[in-house]
Amino acid sequence: MIKPSLYCLPSVARYPVQRRIQRGAGFSTCRHCQSSPDRLVRAGTVVFSPAPAKCRQFSVRTLGGRKVKAAIRNLSIIICAVVLTACASTPKVALSPEAKQGLKRIAVVQTTEPEKYFVYPGQLPGGFVFYMFGAIGGAVIGGIEASRIESATTRFTTAVSPLQPDLSGTLLSGVEEGLRAKGYEIHRVPAPPMLPDGKAYDLSRVDGQFDAVLVTELRGGYVAEGKGVAPSVTVSASLMSKSGSDRIFATTYTYSPEGRGEVVQIEPDEKFVVASVDAIYDDVNVAVEGLRTGARKVAERMVADL
């Protein structure tokens, strides 16, 4: 790892450097020109340290081929993580036996269908060139990656929308059927108004007498990770008290090639994994079925946890 505290170059570091900065250690001087880096530019888990204009000794050779590739990989991971966790990852709360005993009637809030079905097309080939230009280059490649994701997402959404994927309906129907089979009394309710801050539903406005209210947030699409392009369906689920003040159960699930943090990961079925983004369009019906399967698998896992 190259330390921005030692070099005046477009360098990339990760959390160890961020922790030192937070502790007030600051920067030492450049080993080439003895000056201090002018500023720090942070992008997610990556830290960029631009070179002072007067330093003429830095070069991409100093960064090293492996470190350049690692920097690009880190940036790609950040972008992919944003795509995969656009549903805000819910802090995990297990359902306690005591809380479960008090549950009989559960309201299931209607989940909205995603406006777009995303596609993450994978890392941009040759992106290492931009790291010759430090933070500016990092910003450029970040902008290019965002544009590629937006373009791929628009194309995919246009292709699958006429087929009405109905991931929200698939998810909730599976959850309701499974919970009824376990003895719960389930009622689908319209989404209530949002709280004044716009961050959550005002569950006190849900009509009816219920022991708890299940709220879910859903996102679906395809991601290029590992050896192919696979479906990715991520669901954030929270079982709340009727007042909305207590979180009885909370977990984020992802039917995707990779899960992060406390997210419960479900491996996609091989039959839905294709070789490239373009191969998704060989049979769009199969692509849609891959998303629906993801919603069903998430519903099954959620029911098992409840």
**Request:** Confirm whether Val286 is surrounded by 18 or more Cβ atoms within 10 Å (Cβ to Cβ) and either outside any loop (DSSP other than H, G, I, E, B) or assigned by TED's automatic domain parsing to the domain that holds Leu103 (or both).
**Result:** no
**Prompt:** For Ser151, are the conditions met, namely being at pLDDT 50 or above, part of a helix (DSSP H, G or I) and touching an Asp or Glu at 6+ places or on another chain (Cβ under 7 Å)?
**Reply:** no
**Fill in**
Condition set closer than 13 Å to Gly220 by Cβ and in contact (Cβ under 8 Å) with a residue 60 or more places away in the chain, scope the range 150-162, selection surrounded by the fewest Cβ atoms within 10 Å (Cβ to Cβ): answer is Thr153
**Request:** Taking Ala304 as meeting all but one of (1) modelled with pLDDT of 95 or more; (2) surrounded by fewer than 22 Cβ atoms within 10 Å (Cβ to Cβ); (3) within 23 Å of Pro165 (Cα to Cα), write down the number of the exception.
**Result:** (3)
**Asked** When only residues in the range 191-248 that are within 23 Å of Gly122 (Cβ to Cβ) and of a type in the set (Lys, Arg) count, which is modelled with the lowest pLDDT?
**Response** Lys227
**Prompt:** Is at least one residue of the range 168-176 among the acidic types (Asp, Glu) and modelled with pLDDT under 95?
**Reply:** no
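The values are calculated or read from the model by the stated rules, or taken from the named source; none is laboratory data. Remember, it's a predicted structure, so these values are computed and weren't measured experimentally. Using ideal geometry, Cβ is built from the backbone for each residue, glycine included, and neighbour counts are taken over all protein chains shown.
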